[in-house]
Every structure is written in C-alpha cells, then in structure tokens.
Amino acid sequence: MVLAQREIMALRKKLCESSSFNDKIMYTFSRHFSSNKMDLRKLKPMIQKRIQDRAKDYPVPGMIPVAQEVLNSRRLLMQGVSTLLKVLPVMACKFCPEVYIGEKGHVIQTCCGFKHRSKNRVHEWITGGLNDVLAPVEAFHLKHMFQDVIKHHQRFDFERVPAFVELCWQAGANDGNQYSNWSPESDCCSVDGAESLSPDELVMIASGTLKAWEVLRNGVEKLLMVYPAKVCKHCSEVHVGPSGHKARLCGIFKYESWQGTHFWRKAIVDDLVPPKIVWRRRPQDPQVLLNEGKGFYGRAPAVVELCTQAGVIAPSKYHCLMKLQGVATL
C-alpha cells in the first residue's frame, strides 16, 4: 500500500515537472515570435504576392462547364416561368414577400405588414409577376475575384448583377449578355401564344422548367464548393468573392455604432437562389386555405408549385414538405 502511494507521488512529480517545462517553452516561443517585434511592412509584400499567386489558380478549368450549364439553365428557367405565368395565376402580398399560386389568395394570417410594423395579419393580395416567383438577389460585379475591397464611397462605381450570374462569370463562363451588355430586360422572355398552348405542351414546358430549376440549384451548389461567396448575417446582401465589401448598406442596425456595416458569413445555395416557399392547396383542402389549418397544409418552392399545377409530378425530395398524404382539416 505504501509502495503504491510512493509510485503515485513520483508520477505526479514527473507530470508537474513536464508541465512546467512545457510552459517555459511556450513562454520563450511567444516572446521570441511575438507580433510586437514583427515588421508588418516586410510582411505586406509577402501577403500581396501570396494573393497574386492564389489568383493564378482561378478560374478552375473543371468548373467552367458547370458554370456554363448554370447560365443555360437560367435562360430556360426564366423563359419557362414567364410562359407559365401567362397561363397560371400568381398572387403576391402588397406588404410582404408572401406569394400564392392560385386564383385567390389564402387567408392564413402570416403578414408582417408594411415595414414590419405589425404581425399576424391577413394578406392583401395583388397580381404577382416573375420577380415574385424567382426572387432576385443581386451582388456587385467585380472585374476579377481578387481585386481590392469595395469601399463605401465606391458603391456606385460597380454594376449590380444577379448573384449567381456573377458567380458563373467569375468561374469562367462565357455569356452573351456578359458585363456591360447585361440588362434586366434581357431576362424577360416567354413563348409567344402561351394562352393557346395545349395541356400536353404546357406539361412539356413545365417539365423543362422544373428540370432547369434543379440543374441551376445543383450547379450553384457545386460552384460554391470551389468559389467563395459571402452573405450578411442580418440582411440578404450577397457578395461573390473571398471577402465582403465595405459598403454600409445593412438596414438592420443603422442606429448602432457600426452604421450599417455588414457582418459576413459563408453563403449557401439558398442565399443566391432563394427557394421562395409558398403554401399549396391539396385536393383534400378547402377552396381557400384557412388560418386554423396552417399546421396541416403543405408547402413547396414557388417554382415547384407552379410546375406541379401545370401537370408535372414533383420530385420525391419535396413530398415531405408538400404533405401529399397529410390529414385534411375540417
């Protein structure tokens, strides 16, 4: 028993000596390599050279076909949604981003009111359009990925383009509307005579539109694994590049000391291509969706709901959200 206690005491003594020795080493290392003794003027050329060398690795050749496919899918998606909107009614709330695919809007009390001044109100519906189904997310267009950070006073010197289009341009995709030739009007296109399309033709257009939607989102997700993009933690501002800009455009905390400065985090596909989730009416639901049954109703991305109403079967990954076999309300 006494021998065991002595062994324990000896082991503790060795541990204390080793820990104190490690502390001395770390203290000596921190003193010798302290940042106070570093000359930042000598480090600056090294950092700039490293950034320039990193820029030589972009664009990645293997991702150029993916970026080109995203741009091609975007054209098909815009054309398909514009065509379906001439046949299927879309309603948008006057005071909030809520959208409903149908002739009459629902009466679910989820409206936050003008400038978020109220909550749990009934929506006030107006006729919706393309931007209500495909929510536009814009970002600054950069000449190249590793250029200087955009200052606040430079915010009007850079063009604003769709965020995932900017991502594709930085990935090396060649677009006919690239840079100065791009305009929002060039995106709006639809099939002539959409009102006279047969049901089979409408299903074919909806099927192509849904396929373009899936290809676009999958392509953007792949590009985000290779190319950096940032989104503000407090608002929907997106910046495609290794670091966010310094334009003070954040409208959430303007009264604070940082005066609208964005707080950036890594962006995901939903930040660049918002799914715009909407309520959907199933065959077992009432003609107008009621507030009492909002726990039973299904939901779906606006593009998916628009295509399913045209006669296309939704992919299985959306079935859980859509609650196809869900219980009906009274």
**Message:** Taking 51 Å as R0, compute the FRET efficiency from the Cβ-Cβ separation of Leu290 and Gln154 and round it to 0.05.
**Reply:** 0.50
**Message:** Suppose each label sits 7 Å from its Cα in the direction of the beta carbon; what would the Ser316-His234 distance come out to in nanometres?
**Reply:** 4.5 nm
**Asked** Given H placed 1.01 Å from N in the peptide plane, which residues other than close sequence neighbours of Gly102 have an amide H under 5 Å from its amide H?
**Response** Val90, Met91
**Request:** Compute the FRET efficiency between Asp270 and Glu195 as 1/(1 + (r/R0)^6), taking r as their Cβ-Cβ distance and R0 = 25 Å, and round to the nearest 0.05.
**Result:** 0.15
**Asked** What is the distance, in nm, between label points placed 7 Å from the Cα along the Cα-to-Cβ direction at Lys42 and at Thr127?
**Response** 7.1 nm
**Message:** Quick check on my link table: of Lys230/Lys317; Lys211/Lys246; Lys246/Lys294; Lys44/Lys151, which ones sit more than 31 Å apart, alpha carbon to alpha carbon?
**Reply:** Lys211/Lys246; Lys246/Lys294
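No value in this document is a laboratory result; all are computed from the given coordinates. Keep in mind the model is a prediction, meaning the values are calculated, not measured. Methodologically, a virtual Cβ is constructed for each residue, glycine included, from the backbone with ideal geometry; neighbour enumeration extends over all protein chains shown.
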